[in-house]
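One structure is given here, and the rest of the page talks about it.
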Amino acid sequence: MTVPAPSPRAGDAAPVLSVRGLDVVFDRRVAAVSDVSFDLRRGEKLAVVGESGSGKSTLALAVLGLIDPPGRVAGGAIMLNGRDIGRLDDRALRSIRSREISLIFQDAMGALDPVKSIGAQLVDTLRRHRPGVGRGEARRRAIQLLREVEVPAPEQRIDDYPHQYSGGMLQRVMIAIALANDPDVVIADEPTTALDVTTQAQVLALLDRIVAERGVSVVLITHNLGIVSRFCDTVAVMYAGRIVEHGRVDAVFAAPLHPYTEALLASVPRADWPRDRPLPAIPGFPPDLAALPPGCSFEPRCPLGHGLDICRKVVPEARRFGTGAGSASAECHFAGERAARRAAAEVPA
Amino acid sequence: MLRLILARVVTSIIALVGASIFAFVILRVTPGDPTRLILGAFAPQESVDRLREELGLNLPLADQYLIYVRDFLAGDWGFSYSTGEPVATQLASRFPATLELGLYAFLFAFVGAVVLALLAAYRRGPISDGATRALSFFGLGVPPFWFGLVLMIVFFEHLHWLPGPDGRLGPGVAPPPAVTRLYTIDALLAGQFATFADAAAHLVLPVITLGLFPLSFLLRLLRANLLDVSREPFITVARSRGLSRWAAFVRHALPNAFLPTLTAAGLLLGQLLAGSVLVEKVFNWPGVGALVTDGILRQDFSVVQAFILISAFIYVLANLLVDILAGFIDPRVRHAGMRR
């Protein structure tokens, strides 16, 4: 797959999804997501990356309004098509899910009800949002959807059950279900993690094609940076519940502003890495969300700021650097310095 | 599916044969002599020997068993040694009462458990959790005969809401024309609504008493399973498709949580239909309980054996039903052994 060209519509129109200052807490104290803001334009594919437990999946559920007690959205706004869906009641939220925003889950095997047929779950999704559509019509539409996600012999396979499908085929079904009611935004939470590499590539190529055809915006949650560079336009790096860096994929990957992003990129295994040298890893562990450091959450593991007073005591604010396509924002006290150095290096002598 | 049912039927028959052999042997090897039971302790040895010959008790055990099976299948279930009545007649007059009580107790337990478990798992909180736990501990721990007595003291003695321990019908109420021999159903079939009301009123307390344990058991099991399943990704995904939390619960969590519960329900159904001696005693229920305990005490082979066989049959039938039902609910069971 080539790096996708920016969609013609991307960038100019108002964002489809705009999250502002989102806080999600569990049990009052544990902030799983804190002060997260980002915009998603039509057709944009945003990657959310980070280690396990960094709040990626919680963010996904929060945007769908699916945080269950004891968790709750403690603050911020989630604007979808200009409406704050954080303020909607359950009934209104239900009609938005699948029609305006939908979810592709990481483990396709567990994401479908094992005792209901593929067709039943697809038809239910379709009819729920179009009460006027009859069973036969919905079934025809379901077969068409399965064909669109390249499930072979959809007329027969529609009556099969999840255990009769392979993992890759199930993930195709999940994509069909997620796109059944033409949503504007699809949140894909590690959609290919459970698949082998070949299937992964096929499913991603399929997702790529379908979202391009329909102009759907995608939030792709992953910890696979290879997928990010192949599939996404923009990337948000999460650490301890915060977005610590956010910008265009090419810019961020070429010159990360946040030391965490840099460390994350450095720890990607490469084919040309010498066999006898250990892979670089980020020292230490992600912090306990219930007992975050008072300053920068990354300070204890940071190669730049470890032990520095400012990093230990002051939470860095998100700042924007650069303009146009190369602009990025980062939450790091040293980001300005790094950005300036990068700009200086780019100026021809 | 058909293959599954066939396989189940075959194993069921094997289980029945096993049960019949077991019942036959165990009663034969226990000490005591049925001929003495019939003739009395002071009968001359010659008559005892003659009777042993007549009853076939001198034949090898295997031959005795085969003769017994042959007669049993032909509908000749033998005579009660103590009363001289045909066993089939005795059981036919008693079993419907036990069956009716057991069926309603099971329905009560099952429906109650499903409704309460759904509510308890859906509305979690200290009050609902505590109430469920209290109810199930009470139900699992309290002795049924005591609970039955307490119910009777409250609802019969003090409140006069429900009839006391006078069996299946009040004094002076005639049984409805026998069709199924289950009075509630027969009364409805005959259009005798007063009789139906009387039979139903007589059922309430014994049903609650007998059903409390299976209710609590199933409630605990189903609630735990529901809570497990409700954390599955497909519940979240179902809600992301636009289902309400309740709809996701009823349509997706319940069928999945139901499967492990079903097996337990089958065993409980068998147990309930085979009767409960103590509860029948407390309510003067003219079921098979007393008949069998007396039979055991008197070494009345034919009665006990027939009862064991019928109970085994009911157990096997209940489990067969469960397996078929599980096949209907779960495609993985249905497709087991089939190639794709």
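The values are calculated or read from the model by the stated rules, or taken from the named source; none is laboratory data. Model, not experiment: these values are computed from the prediction. All Cβ positions, glycine included, derive from the backbone under ideal geometry; neighbour counts span all protein chains shown.
Laid out as a table, the results:
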item	result
Flag for A:Gly65 being surrounded by 20 or more Cβ atoms within 10 Å (Cβ to Cβ) and facing another protein chain (nearest Cβ under 10 Å)	yes
Filter result (in contact (Cβ under 8 Å) with a residue 60 or more places away in the chain and away from chain B (no Cβ under 11 Å)) within the stretch A:174-188	A:Ile175, A:Leu179, A:Asp182, A:Asp184, A:Val185, A:Ala188
When residues of the stretch A:109-141 are limited to those that are of a type in the set (A, V, I, L, M, F, W, C) and touching a residue at least 24 places away in the same chain (Cβ under 8 Å), the one farthest from B:Pro233 (Cα to Cα)	A:Leu126
Test: residue in the stretch B:183-206 that is surrounded by fewer than 21 Cβ atoms within 10 Å (Cβ to Cβ), on the phi > 0 side of the Ramachandran plot and out of contact with any Gly (no Cβ under 9 Å at 6 or more places or on another chain)	yes
Residue list for the stretch A:93-139, restricted to those being at the interface with chain B (Cβ under 7 Å from one of its Cβ atoms) and among the hydrophobic types (A, V, I, L, M, F, W, C)	A:Leu103, A:Phe105, A:Ala111, A:Leu112, A:Val115
Residue within the stretch B:322-329 that is without any contact (Cβ under 8 Å) to a residue 12 or more places away in the chain and crowded, with 18+ Cβ neighbours inside 10 Å present	no
Lone qualifier among B:Ala74, B:Ala113, B:Ala88, B:Ala109 - being farther than 24 Å from B:Thr180 by Cα and among the aliphatic types (A, V, I, L, M)	B:Ala113
Residues satisfying the stated conditions in the stretch B:325-340, i.e. at pLDDT 85 or above and aliphatic (A, V, I, L, M)	B:Leu325, B:Ala326, B:Ile329
Which listed residue is touching a strand residue (DSSP E or B) at 6+ places or on another chain (Cβ under 8 Å) and either within 25 Å of A:Ser34 (Cα to Cα) or touching a residue at least 24 places away in the same chain (Cβ under 8 Å) (or both), from A:His258, A:His333, A:His306	A:His258
Yes/no for B:Asn284 being surrounded by 19 or more Cβ atoms within 10 Å (Cβ to Cβ) and either away from chain A (no Cβ under 14 Å) or modelled with pLDDT of 85 or more (or both)	no
Residue list for the stretch B:36-48, restricted to those being surrounded by 13 or more Cβ atoms within 10 Å (Cβ to Cβ) and either in contact (Cβ under 8 Å) with a residue 24 or more places away in the chain or among the charged types (D, E, K, R) (or both)	B:Arg36, B:Leu37, B:Ile38
Selection from the stretch B:298-340 of residues that are in a helix (DSSP H, G or I) and within 14 Å of chain A (Cβ to nearest Cβ)	B:Leu325, B:Ala326, B:Gly327, B:Phe328, B:Ile329, B:Pro331, B:Arg332, B:Val333, B:Arg334
Residue in the stretch B:251-273 that is under 22 Å from B:Gly211 (Cα atoms), among the aromatic types (Phe, Trp, Tyr), surrounded by 18 or more Cβ atoms within 10 Å (Cβ to Cβ) and away from chain A (no Cβ under 12 Å) present	no
Exclusive hit being under 30 Å from A:Gly132 (Cβ atoms) and either of a type outside the set (Phe, Trp, Tyr) or within 14 Å of chain B (Cβ to nearest Cβ) (or both), set A:Asp196, A:Asp160, A:Asp208, A:Asp233	A:Asp160
Counted residues, the stretch A:25-67 - those being of a type in the set (Ser, Thr, Tyr) and closer than 20 Å to A:Met79 by Cβ	3
Filtered residue count, the stretch B:77-119, keeping only those that are farther than 28 Å from B:Pro165 by Cβ, outside any helix (DSSP H, G or I) and free of Cβ contacts under 8 Å to residues at least 12 places away in the same chain	2
Residue check for B:Arg94: at pLDDT below 85 and either under 30 Å from B:Leu169 (Cα atoms) or surrounded by 14 or more Cβ atoms within 10 Å (Cβ to Cβ) (or both)	no
Helices (runs of 4 or more DSSP H) lying entirely in the stretch A:211-328 (those with 2 or more residues that are surrounded by fewer than 14 Cβ atoms within 10 Å (Cβ to Cβ))	A:309-313
A:Pro191 within 14 Å of chain B (Cβ to nearest Cβ), of a type outside the set (Lys, Arg), part of a loop (DSSP other than H, G, I, E, B) and under 29 Å from A:Thr261 (Cα atoms)	yes
Looking only at the stretch B:223-244, and only at residues there that are surrounded by fewer than 20 Cβ atoms within 10 Å (Cβ to Cβ) and in contact with a Lys or Arg (Cβ under 9 Å, 6 or more places away or on another chain), the one that is farthest from the other protein chains (Cβ to nearest Cβ)	B:Leu227
Among (1) in contact with a Phe, Trp or Tyr (Cβ under 7 Å, 6 or more places away or on another chain); (2) among the aliphatic types (A, V, I, L, M); (3) over 25 Å from B:Phe95 (Cα atoms) - the single one B:Leu159 does not satisfy	(1)
A:Ser102 touching a Gly at 6+ places or on another chain (Cβ under 8 Å), touching a residue at least 60 places away in the same chain (Cβ under 8 Å), under 26 Å from A:Thr193 (Cβ atoms) and not charged (D, E, K, R)	no
Residue ID - surrounded by the most Cβ atoms within 10 Å (Cβ to Cβ), chosen from residues in the stretch A:68-88 that are within 14 Å of chain B (Cβ to nearest Cβ) and not aliphatic (A, V, I, L, M)	A:Gly71
